[in-house]
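Colleague: First the structure, then my questions, so here it is.
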Amino acid sequence: MTTNKSLAKVAVGLAIAAGLAACNNDNLTSLNQNPNNPTNAPAGALFTNAVNTTTARFLGAGYDMRGASLIIQHQAETQYSDEDRYQRLQSADTRTFFDSPYSAELEDLKKVAAKGLANGQPGVYGPALTMQTWTFSYLTDSFGDVPYSDALSGDSTGGALLPKYDAQKDIYAGFFKTLSKVSADLATDPASDPGLGSADPIYNGDVASWQKFANSLHARYALRLVNVDPATADAQLKAAFTAPGGVFTSNSDMALMPWPGDGTTNNPWSNFYKGRDDNRMSQTLMNILLANNDPRVKIYAQPVQDSSLYPGGYGGMPNGLLTVNAGAYGNTASRAGAIFFPGVTSYGTFGGNGAKLPSYIMTYAEVALIQAEAAERGLGGLSPGQAAGFYNAGVTASLKQWGITDATAIANYLGQPSVAYKGGVAGLKQIALQKYIALYTDGGQAWAEWRRTCIPAGLTPGPGAIVSEIPRRFFYSPTEVSVNGANLQAAIARQGADNFLTRVYWDTKPTAAPTCS
Amino acid sequence: MLRLLKRISSVTAALATVASVAAAQQSGTISGRVLTEAGTPLASASVSIASLGLGAYTNDRGDYTITVSAARLTGQTATLTARRVGYAPKSVTIKLSANASIAQDFTLIQNANTLTGVVVTALGIAKEKSQLGTAQQQLSSTELNTTHDPNVLNQLQGKVSGVNITSGGTQGGTTHIVIRGSNSIKGNNEPLFIVDGVPVTNDNPLQASPGGGGLGGGGRDFGSAISDINPDDIATLTVLKGPNAAALYGSRASNGVIVITTKHGEASNGKISTQFTSSYTWDTPSVLPTYQNSYGQGAGGQFAYKDGQGGGIQDGNDQSYGPRLNGQLIPQFDSPVVNGIRQATPFIAHPNNVYSFFNTGHTVDNNIAFSGGTDKATGRLSVGMQNVAGIIPENTMQKFTGSLNGTLSVSDRLSTSAVVQYTNDAARNRPGVGYNTGILEQFVWFGRQVNLPELKNQFYNADGSLYNWNSNFHNNPYWIQSENPEQDDRDHVIGSVSANYKVADWLNAQFRSGSNIARFNTQQDFAQGNLNFGDQSYFGALQLYNFRTNENNTELLFTANKQVGSRLQLNGTFGANKRYITTHNARTSTNGLAVPGTYNISNAAITPINTQYDDRKQVNSGYGSGSFTWDQWWTVEVTGRNDWSSTLPKGNNSYFYPSINTSFVLTNAIPALQSRFLSYAKLRGSLAEVGSDADPYQLLTTYNGQTTKFGSLPQFSLSDNIANSTLKPEITKSGEVGMELGFFGDRASLDMTYYDKATTNQIIQLSVSPASGFNTTSINAGKIQNKGFEALLTITPIKTGNGEFTWNTTLNYSQNRSKVVSLYPGLQTQVLGGQWSANTEARVGYAYGAIYGFPFKRDSAGNLLLHNGLPQQGSLRVLGTIEPKYVAGWSNEFRFKRLSASVLLDIHRGGNIFSITNMFGQYSGVLASTMNGRQVDWDKPGLVVKGIDQKTGKANTDTVTSEQYYQSLFQLHEPFIYDDSYIKLRELRVGIDLPDAMAARMHASAVNLSFVGRNLWMHTKVPNIDPEFTYNTGNFQGMEFGELPNTKSLGLNLRITP
């Protein structure tokens, strides 16, 4: 009797216990729905984030101000000059320029493009593929062979988690193909395609502008191959110039990132200067500006603190000094121009509204100078007779872009014997030098152009540098050494040792450029 | 606690006479009293005759009575045994004659030997230790509280074998604990804590790191949840070492379990007893870097101050490679300015400038506890207050703990209990660690000539700008403490209610529902001018962080015990549990405030940045165990558990895992084995498997909303992790064998275990090539193996006949060898964390926690290859491992009459660390070690680095300055990888029990006054830092930067027992 009662209680208890254990196991799954993040997001919101991320990265503090603009001697470092001596441009320091773009903006742009392609919206995938190409070019120009055709395809069902590296030659072929498609498809963008609209901070969804930008980029990459593959360069320049919509024809066409400057999202140079004061203008760029009475010097730089040192008040500092010697230049070399400063900084007040200054993704000045070079060399369907016109247009556009709008000032500058277009190899050197000046704030492009043209001539590392030549590429990422070793080694076997001095594909014929001799 | 006692009743010797149908008419009785050595009654001790399956428990007066039926009184002899948790059992032989009425008293002695007696095991079930087939170690309240440390985990250091404990130096900071090595590549490797049946994880939502400062945390160590438990409230702490002992706890048991039971009230006829403890401790940093005092701020031997930002000569520079400190006249930050011109003043060393920043800290800790009860109800209330004045200026911490424990017997069958522990932990200016926020970081970059007290006396210049020695990179450290306060507070409640129902004499049912609830807020103010955070164009900045978590466990558990015949004892448990966890994280910050001095988010001048993260998880479980013990010498137990987890996909979310263990008490099986030499011998072995689930939301790849908008445009980005909708549970398989031996009548005992365990199918976010578009992918892969040996030797070398002098010594030893066996096809490594380009990794073929970094570039003969006379980076390789060769503890306890003393040495042998303090301390030239090469002047005599010039291939002859040399070592990790061996005098205590008469005058039965010390001495070869450090409870360990050293504490303890 007692036992039966006990057993009954046991049974009830067991039933409760079983209930506790097994209750609603089906509902468990629904509990795992992520309340924080959605599994889908609008193309526009992805695009906005991706384009300002990639612009801030390659035209901002890390890649440009503490990397490319020191290598190309737009700027120099007064304190902790490790980057300027390439000590801190080794694999551990530059890995982020490899690792981050892929997993951040490139992947997001791929998703935007996929959405646009699926819905037949060139107005969505055109801009996404254009900015993807722009981003990829900084990668391949900085590292050489990088994953491209296999890249960005990771997923849980077997996409390439360890993508192979493509030869740079094939990557450039991919650029041309992509940009041609973008240009052609944008020409037939259906009226029903709402595009990206206001989610596109660059052109506010204007399809024709994207078309011009795609064609202009097409021309940039075509010209880059001119030393190693002149035939392709010629054909692709022609393709770019004759593509529907054409290339930039004025400053109002250029691609720029208009920073809100609201304290949250600011111009990346102004963000850097807000807390750091150890960049000064390089003597290399400063001497070029001063030698030609360049009115841009007042925009690009500020007078030195100790203004008695220089008659005009402007001075540069040598690159790659040891910390011992670099510090003194804080007072005796020019800071970047006031327009790049946000106003109040931790070390004083300079300028004012730099937080809102746009970043120049691609300028009309560069396009006109590309046309000038193509013309001088008879490429892309242009002829030498057109070179001077394009040259003058390019220089004028650059001056105007930086606020030198006074016609007399422009004419005076252009009229100087050193600036007035000479034609021939001398002309090509002038074109390259003007591009070097115009590409201030885009050290990455200036670095690539120097490798292709040897202009500015005679560039050498500073005395404290850890190598005795200007770097021609960055080391591959340690992440890839760890994770994607086999594919990386195949690339190194093809391209050459993983160091500063190995040349990327388009840089492998150093003597082919007429401006190098 | 009552339920625990009830279970003891079932376990020990089947006191229940279930089958006794015949009522005894002429029964006999055995009765008596169980007392402590001190003569106080011991309630709830069991007294039993195992051979007859008879037994009883003592009441609150210590009395027991056993009734024996007439039929069993046959004149035979029997063994009568008295036992109680924490005491050595005692047996006597009695003769059971007809109508006997036997009186038998016992005096139980507190357990010195850890081999026998009743211990708390998984699910809080008390068992005879002799019946356990797995390794575990139990510490009593006394053992825990030898000296005073507010964090109970620090009290475990050096006392438990198989456990590796590292404590951060930050007062109130984290202590990292790993039992038998790390199992999981990326998951949690800390044990699960069970406090009075309620699971408590030792995580802190804001984990600090050697990288230091981030939004609302990262740069500060806020401590971990378990440090909220008041050590004075703990009755016993049991370490279940690994999956074998802990299999019943399920998913989280693979790393072992620490079961804490708190003190409870005892039946005392309603008389309330009061216990009071008080301690006062003086704390100082145990080690600070050794600085050079020959060269001041600057570079290249040059320095002159103008504005601290490069306006003078090298005055923006924050290193000490400046001019020699020989009193030459140089303008300095504290030099007088006359008519706008800064005067030159003597350039001299201030050798104490860093040391004087640190104070002697004070910790005052008072606890009072009241307990008592009747046979129907008991209660204990404990209140603790702790006040810490830290070792850095303006750092204070207050902790309040309250604990209430009550039991109520509703009827003979139904009893209930409720426990609640409340902690409020509030701090101001917890010291920062790591880069950017580190207290010691700012002294790594420092001018050795800086007269620090000047900065304490003055915060602002006449024009309102900040007064400081450097304005480029550093804030005035005193101004930071005073005007940029960090504040945090945490409310933590651990509570449960339970009911125990005796279904039948052999069957008990228990229902319990308990929660671990924590709420945590931090606020960090940044005054205008703070260089680390905040836009200079606004009036300061503000960061707020808000966290709450609630984990509820509701459990129903049946326990059955039955004696079959006189030799077979059967035990069984069956239970079910529902675990439901929610957490909420929210951060709000602004980099710009509109009005100075008002630190409120509504004062933001720019759109605040907000983030929110919530998660929810549920696990349902059913589990059970069955065991038999034959004739008191052979026990076999099997367990099984099935979990259903919300975080795994349908089809994979139900998983079962079993375990089996057995023990043989050889000296019981073959009594002939016993000798004067060998008094006890037991062998045990166990095989176990434990399954584990994933973190929430790993099944579907998501898009993450960005914390900032682009102007007014929303921004999203695809997650960098590829989710996996087919995840499976990860499985840890573990085997262990052990031996427990007693010698010389238990004067010595040895407990040894060898284990081998492996975790497979690990759920990891595996690193993939970023070129895939993702950084990681969630997969099941990888295998980590841990093999190890642990031993605990306890000896009483001296015990005088009259017991006036005793010496107990305990030695424990733990050695674990881990190996990352595999990760994923084609993959060699998984990064656990990294700093300055060195990583701590799980790398195939190496122990868990390989340090991977840049060595010197060398030729094939091992010579350094130099460029311009300086070393260069070689190719990345493994430079060391964080895994120690062994850890050991040696404790000694001496007692002479009223005097007692104890000493604990903590030994950590082998393993490596990467010290970033040393790397930057040399880069910046503040460390004494950078005098090499500048013994004469900043550039004299210089250094000729031994090596081969890479260009010439010949021996190097280039002379470089010490500045060039030490700066060339930046991100060259090899010279900063150290052997992490150390010996610490962890605890020292000398105490006296005041004479009874004096105690009586204080209305107390005992008064103990002790002098206590922690971390008083250390031996290590690691320079300038405390080689023992941690920043968090995570897996990224082994890299040090700006960590505060563990404090050296001296103090007085007063304990008054009623």
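Colleague: Pick from the range B:703-718 the residues that are open to solvent by 20 Å² or more (accessible area, probe 1.4 Å), touching a strand residue (DSSP E or B) at 6+ places or on another chain (Cβ under 9 Å) and polar (S, T, N, Q): which of them is nearest to A:G261 (Cα to Cα)?
Modeller: Within the range B:703-718, the match that is nearest to A:G261 (Cα to Cα) is B:T708.
Conditions tested, residue by residue: (1) in contact with a helix residue (DSSP H, G or I) (Cβ under 7 Å, 6 or more places away or on another chain); (2) at positive phi.
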residue	(1), (2)
A:W269	yes, no
A:A291	no, no
A:K298	no, no
A:S308	no, no
A:P342	yes, no
A:G351	yes, yes
A:G354	yes, no
A:L357	yes, no
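Colleague: Is it true that A:A393 is open to solvent by less than 10 Å² (accessible area, probe 1.4 Å), in a helix (DSSP H, G or I) and either assigned by TED's automatic domain parsing to the domain that holds A:G60 or in contact with a helix residue (DSSP H, G or I) (Cβ under 6 Å, 6 or more places away or on another chain) (or both)?
Modeller: no
Colleague: Of all residues in the range A:432-455, how many are among the β-branched types (V, I, T) and out of contact with any Phe, Trp or Tyr (no Cβ under 9 Å at 6 or more places or on another chain)?
Modeller: Residues flagged as among the β-branched types (V, I, T) and out of contact with any Phe, Trp or Tyr (no Cβ under 9 Å at 6 or more places or on another chain) within the range A:432-455 amount to 0.
Colleague: When the range B:245-302 is examined, which residues are found to be part of a loop (DSSP other than H, G, I, E, B) and among the β-branched types (V, I, T)?
Modeller: Answer for the range B:245-302, where residues must be part of a loop (DSSP other than H, G, I, E, B) and among the β-branched types (V, I, T): B:I272, B:V287, B:T290.
Colleague: What residue, of A:A231, A:A222, A:A214, is open to solvent by less than 10 Å² (accessible area, probe 1.4 Å), farther than 29 Å from A:W259 by Cα and in a helix (DSSP H, G or I)?
Modeller: Every option except A:A222 fails the conditions.
Colleague: Looking at B:R641 and the list (1) facing chain A (nearest Cβ under 7 Å); (2) over 16 Å from A:N27 (Cβ atoms); (3) crowded, with 22+ Cβ neighbours inside 10 Å, which single condition is not satisfied?
Modeller: Going through the list (1) facing chain A (nearest Cβ under 7 Å); (2) over 16 Å from A:N27 (Cβ atoms); (3) crowded, with 22+ Cβ neighbours inside 10 Å, B:R641 breaks only (1).
Colleague: Taking B:R324 as the residue in question, decide whether it is at pLDDT below 95, away from chain A (no Cβ under 14 Å) and in contact with a strand residue (DSSP E or B) (Cβ under 7 Å, 6 or more places away or on another chain).
Modeller: no
Colleague: Ok, one more. Restrict the check to the range A:462-478 and report whether at least one residue is open to solvent by less than 10 Å² (accessible area, probe 1.4 Å), without any contact (Cβ under 8 Å) to a residue 60 or more places away in the chain and away from chain B (no Cβ under 14 Å).
Modeller: no
Colleague: Of the residues B:G432, B:G447, which is within 30 Å of B:Q835 (Cα to Cα) and within 22 Å of the chain's Cα centre (by Cα)?
Modeller: Only one candidate passes the filter, namely B:G432.
Colleague: Conditions: (1) in contact (Cβ under 8 Å) with a residue 40 or more places away in the chain; (2) surrounded by fewer than 18 Cβ atoms within 10 Å (Cβ to Cβ). B:R877 meets all but one. Number of the miss?
Modeller: (1)
Colleague: Let me ask another. Among the residues of the range A:162-179 satisfying the criterion of being more than 14 Å from chain B (Cβ to nearest Cβ), in a helix (DSSP H, G or I) and hydrophobic (A, V, I, L, M, F, W, C), which is surrounded by the fewest Cβ atoms within 10 Å (Cβ to Cβ)?
Modeller: Here the residue is A:A173.
For every residue, the table says whether it meets (1) within 13 Å of another protein chain (Cβ to nearest Cβ); (2) farther than 25 Å from B:Q157 by Cβ; (3) open to solvent by 20 Å² or more (accessible area, probe 1.4 Å); (4) free of Cβ contacts under 8 Å to residues at least 40 places away in the same chain.
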{"position": "B:S814", "(1), (2), (3), (4)": "no, no, no, no"}
{"position": "B:S822", "(1), (2), (3), (4)": "no, yes, yes, no"}
{"position": "B:L832", "(1), (2), (3), (4)": "yes, no, yes, no"}
{"position": "B:L866", "(1), (2), (3), (4)": "yes, yes, no, no"}
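Colleague: From the list A:S103, A:S69, A:S81, exactly one residue is open to solvent by less than 10 Å² (accessible area, probe 1.4 Å) and without any contact (Cβ under 8 Å) to a residue 12 or more places away in the chain. Which is it?
Modeller: Answer to the selection: A:S103.
Colleague: So, one more: Among the strands (runs of 3 or more DSSP E) contained in the range B:849-932, which hold 1 or more residues that are within 30 Å of B:R986 (Cα to Cα) and modelled with pLDDT of 90 or more?
Modeller: Filter on the range B:849-932 gives B:850-853, B:877-881, B:886-896, B:899-909, B:912-915.
Colleague: Restricting to the range A:81-123, name every residue that is under 21 Å from the mean Cα position of the chain (by Cα) and within 22 Å of A:K181 (Cβ to Cβ).
Modeller: Selection gives A:P101, A:Y102, A:E105, A:L106, A:E107, A:D108, A:L109, A:K110, A:K111, A:V112, A:A113.
Colleague: Within the range B:50-109, considering only strands (runs of 3 or more DSSP E) that don't extend past its boundaries, which have at least 3 residues that are under 22 Å from B:Y680 (Cβ atoms)?
Modeller: Filter on the range B:50-109 gives B:76-83, B:90-96, B:106-108.
Colleague: Where the second residue is outside any strand (DSSP E or B) and the first is on the phi > 0 side of the Ramachandran plot and lies in the range B:740-756, which pairs have Cβ atoms under 6 Å and are six or more apart or on separate chains?
Modeller: B:D746/B:N113
Colleague: Taking into account only those residues within the range A:269-301 that are open to solvent by 10 Å² or more (accessible area, probe 1.4 Å) and in contact with a Gly (Cβ under 6 Å, 6 or more places away or on another chain), which is farthest from the other protein chains (Cβ to nearest Cβ)?
Modeller: Restricting to residues being open to solvent by 10 Å² or more (accessible area, probe 1.4 Å) and in contact with a Gly (Cβ under 6 Å, 6 or more places away or on another chain), the top hit is A:I299.
Residues are listed down the side, and each one gets a yes or a no for (1) under 24 Å from the mean Cα position of the chain (by Cα); (2) part of a helix (DSSP H, G or I):
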site: A:P417; (1), (2): no, no
site: A:K435; (1), (2): yes, yes
site: A:T460; (1), (2): yes, no
site: A:V467; (1), (2): no, no
site: A:I470; (1), (2): yes, no
site: A:S482; (1), (2): no, yes
site: A:N487; (1), (2): no, yes
site: A:A491; (1), (2): yes, yes
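Colleague: Any residue at all in the range B:182-196 that is surrounded by 24 or more Cβ atoms within 10 Å (Cβ to Cβ), touching a residue at least 40 places away in the same chain (Cβ under 8 Å) and of a type in the set (K, R)?
Modeller: Checked the range B:182-196: no residue is surrounded by 24 or more Cβ atoms within 10 Å (Cβ to Cβ), touching a residue at least 40 places away in the same chain (Cβ under 8 Å) and of a type in the set (K, R).
Colleague: If you go through the range B:684-702 one residue at a time, how many are within 8 Å of chain A (Cβ to nearest Cβ) and open to solvent by less than 50 Å² (accessible area, probe 1.4 Å)?
Modeller: 5
Colleague: Out of the range A:22-43, which residues are more than 8 Å from chain B (Cβ to nearest Cβ) and under 25 Å from A:M131 (Cα atoms)?
Modeller: If the condition is that a residue be more than 8 Å from chain B (Cβ to nearest Cβ) and under 25 Å from A:M131 (Cα atoms), then A:A43 is the only one that fits.
Colleague: On to the next question. Do we have A:F390 as under 19 Å from A:P295 (Cα atoms) and either out of contact with any Lys or Arg (no Cβ under 8 Å at 6 or more places or on another chain) or modelled with pLDDT of 95 or more (or both) here?
Modeller: Criteria not met by A:F390.
Colleague: Residues in the range B:753-763: is at least one within 14 Å of chain A (Cβ to nearest Cβ) and buried (at least 18 other Cβ atoms within 10 Å of the Cβ)?
Modeller: yes
Colleague: Conditions: (1) in contact with a Lys or Arg (Cβ under 8 Å, 6 or more places away or on another chain); (2) more than 7 Å from every other protein chain (Cβ to nearest Cβ); (3) open to solvent by less than 40 Å² (accessible area, probe 1.4 Å). A:P147 meets all but one. Number of the miss?
Modeller: If we test A:P147 against (1) in contact with a Lys or Arg (Cβ under 8 Å, 6 or more places away or on another chain); (2) more than 7 Å from every other protein chain (Cβ to nearest Cβ); (3) open to solvent by less than 40 Å² (accessible area, probe 1.4 Å), just (2) comes out false.
Colleague: Now for a separate question. Being part of a strand (DSSP E or B), within 14 Å of chain A (Cβ to nearest Cβ), at pLDDT 90 or above and within 30 Å of B:D615 (Cα to Cα) is the requirement here; does B:N724 meet it?
Modeller: Here the answer is no, as B:N724 does not meet what is asked.
The values are calculated or read from the model by the stated rules, or taken from the named source; none is laboratory data. Owing to the predicted nature of the structure, the values given are computational and were not obtained by experimental measurement. Reconstructed Cβ throughout: ideal geometry from the backbone, glycine too, with neighbour counts over all protein chains shown. Just so you know, the surface numbers come from the protein's heavy atoms only, side chains and all, with ligands and any DNA or RNA stripped out. Shrake-Rupley method; radii C 1.70, N 1.55, O 1.52, S 1.80 Å.
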